[in-house]
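Working notes, structure below.
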Amino acid sequence: MRPASLTWLRRGCFAAILLGLALAPGPASAARPCDTRLCQAAGQARWTELLPGSWVAEPGLAGTTPAQGEAYAAIGRQLAVVGLGSTVQAYRASTGAPLWISSLAGFGAGAQIVSVRSWPKVVSAGVTVPGRSPGAASTRREVVLSAASGRLIRSYPAAPFGGAVSADAARTVIIGTTAVTCYSNRTGAVLWSRPTGPAAQAWKADGNEVYLTVAAGGYLSGAPVRALRKINLRTGAQRLIRPPGKSFQGVLTRATGGVLVFTGEYGSGMIRASLSVVPRRLLLLWGKLGAFGAVALALSLASSAAAFVLGELLWQARHGHTRVWFGDPQVTRIVVGAGLVLAVTGIFGLATGAIIRNTAAGLSAVVGIFFVLPLLFRLALPQGDQGFLRFMPSNAGGALWDAALSPTSMSPWSGFALLCGYTAAIIAVAAWRLRHGDA
């Protein structure tokens, strides 16, 4: 076959791929029209009820807080619940009428509520219990209460940052330190349990599934994520998702983490509770962007610097080549640039999750934009037609941390500016979607 014929064949295949992507139906929106009396304009007060004790009202994200201690609130279809100290108070979600008050006794002095959730027919509350001796680590118990009366049903052990991820009158699924376990609320028996390793892992619930990382040392170690557990909350069926290499790439893990910040709330229905606490939707978006961006930037910069230092030490020990360190040409740009690109990519993923509101579709979109599309373009187009690839988000950001730039690459800071521009555009779409779409 002649080269010219091969070129037009590749172009035809590429056109067919684009046509298929354009005609293939995307995921349908889960938003439905607001047709009940409970649907009101964002920011409109549905009901007001005095809270017992002393409280302080602050403007903005600070909101209303108790004069002493910390309070936790949640709202479901039937109940709104507030946990403070060792007391849980329930109100009717539709009218605000007080229903019951339950005092959680038997945990000893210093026990405090650290979370509350409203589920169908039950309420769960996480309680931290101080260690029995000075210096001993505290433990956590997850208490399940009847939504009708506040009566104590069961109490289960949980991880310090775990707790109930699914519950109803029959069963409760608990994130523990070493396993995800489903208990029978009638008998307390274990219905199923899935071990997660000796250390507590990072997790995120989404609809009927919970995702847990597989990392040596758990979520506090900073070790690379070698796999992802996907556990069905109804059946306990587990699937282990492994990356193509030894661990997930930094860009991918940060971007998918950003996606889950929003899609996890939409999948579990907790977005309604967030909007009830912060009814100004754009303020909620800016708060999530700021909090996630600050944490992602700090972790990305620390990880990048640690990877460079350890890599340089290992390289010197094994090969004995000339030492490269901060201050040498391009080193600081590459190390700092890697952290910046990872953080911005995570914010890109967060905004994508706010737009799509579905974990599977959001992850697919981010992976497609950053990894699949550049590969398809590179395979389908002749070498002479690939100049535009430097403007793709992954390649534009990669120019900042790439040591060997090709003649067709963007300059480092221009590429990073373009990635920031893409991210700003996605954030603008997310803001419009959050402001005008249903929760």
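The values are calculated or read from the model by the stated rules, or taken from the named source; none is laboratory data. Computed from a prediction, not measured in an experiment: that's the story for all the values here. Here the Cβ positions follow ideal geometry from the backbone for every residue, glycine too, while neighbour counts run over all protein chains shown.
Please determine, by comparing only the residues of segment 157-171 that are under 21 Å from the mean Cα position of the chain (by Cα) and either in a loop (DSSP other than H, G, I, E, B) or among the aromatic types (F, W, Y) (or both), which one is surrounded by the most Cβ atoms within 10 Å (Cβ to Cβ). Residue satisfying both the conditions and the ranking: A159.
Out of the residues in segment 173-221 meeting the condition of being among the hydroxyl-bearing types (S, T, Y) and crowded, with 19+ Cβ neighbours inside 10 Å, tell me which one is modelled with the lowest pLDDT.
So, considering only residues that are among the hydroxyl-bearing types (S, T, Y) and crowded, with 19+ Cβ neighbours inside 10 Å, the one modelled with the lowest pLDDT is T213.
The criterion of being buried (at least 21 other Cβ atoms within 10 Å of the Cβ) and more than 21 Å from T196 (Cβ to Cβ) holds for V116.
Out of V165, V190, one residue alone is over 26 Å from A80 (Cβ atoms) and either touching a Cys at 6+ places or on another chain (Cβ under 9 Å) or among the aliphatic types (A, V, I, L, M) (or both). It is V190. The number of residues in segment 40-52 being exposed (fewer than 13 other Cβ atoms within 10 Å of the Cβ) and at pLDDT 80 or above comes to 3. Taking segment 84-136 and the strands (runs of 3 or more DSSP E) fully enclosed by it, the elements with 1 or more residues that are in the same structural domain as A147 (by TED's automatic domain parsing) and more than 18 Å from S146 (Cα to Cα) are at 112-119, 122-129.
Scanning segment 70-95 for residues that are over 18 Å from V143 (Cα atoms), small (G, A, S) and buried (at least 17 other Cβ atoms within 10 Å of the Cβ) yields a single hit, A93. A Cβ distance below 7 Å, combined with a sequence gap of six or more or placement on separate chains, defines the contacts here; from segment 64-90, residues that are without any contact (Cβ under 8 Å) to a residue 12 or more places away in the chain reach residues that are surrounded by fewer than 22 Cβ atoms within 10 Å (Cβ to Cβ) and charged (D, E, K, R) in the pairs T65/E58. Condition check for V116 on (1) in contact with a Cys (Cβ under 8 Å, 6 or more places away or on another chain); (2) under 21 Å from L51 (Cβ atoms); (3) β-branched (V, I, T): one failure, at (1).
Flag set for A148, criterion: closer than 25 Å to R77 by Cα and free of Cβ contacts under 8 Å to residues at least 40 places away in the same chain.
For G150, the criteria (1) in a strand (DSSP E or B); (2) within 16 Å of V116 (Cβ to Cβ) hold in every case but one, which is (1).
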